[in-house]
1. Taking only Cα atoms, what is the 0 to 90° angle, nearest 10, from helix 2-13's long axis to the longest principal axis of the chain?
2. Could you grab the Rg to Rh ratio for region 2-102? Cα atoms only, Kirkwood for Rh.
3. Using a Gaussian network model on the chain with a 10 Å cutoff between Cα atoms, which of 14, 93, 82 fluctuates the most?
4. For the chain, what does the relative contact order come out to in percent, with C-alpha contacts under 8 Å and a separation of six or more?
5. Tilt of helix 83-94 relative to the longest C-alpha principal axis of the chain, in degrees (0 to 90, nearest 10)?
6. What 222 nm value per residue comes from the helices of the chain, counting each DSSP H run with n ≥ 4 as -39,500 (n - 2.57) and dividing by all residues, nearest 500 deg cm²/dmol?
């Protein structure tokens, strides 16, 4: 878990914004804002994410993703200590459990 916090902070230190963007067919973007839980939070530990402008649309995420307040949390797994794993899991869930599940069409590249 400490490795993930280190990787996240290095990302910020290198000027990389903690967001993901999915380009939609209509020319707009679906923006996912990323974060990480506070180390002191004993109840929830993981990578946080929020899909902008999605509050009125349903989601069908993997069973491990938790709703924490107004955002979602992909809990840390002791078997995975690389931030890339969590970012890929979030990307897959947003794509399959939100965009495609709600009929939102991505731009073809």
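Readers should treat all values here as calculations from the given coordinates under stated rules, not as data from a laboratory. Every value quoted in this text rests on a predicted model; they were computed, and no experiment measured them.
1. With both axes taken from Cα atoms, the answer is about 60 degrees.
2. 0.96
3. 14
4. Dividing the mean separation by the residue count of the chain yields 28 percent.
5. 30
6. Computed ellipticity for the chain at 222 nm equals -7000 deg cm²/dmol.
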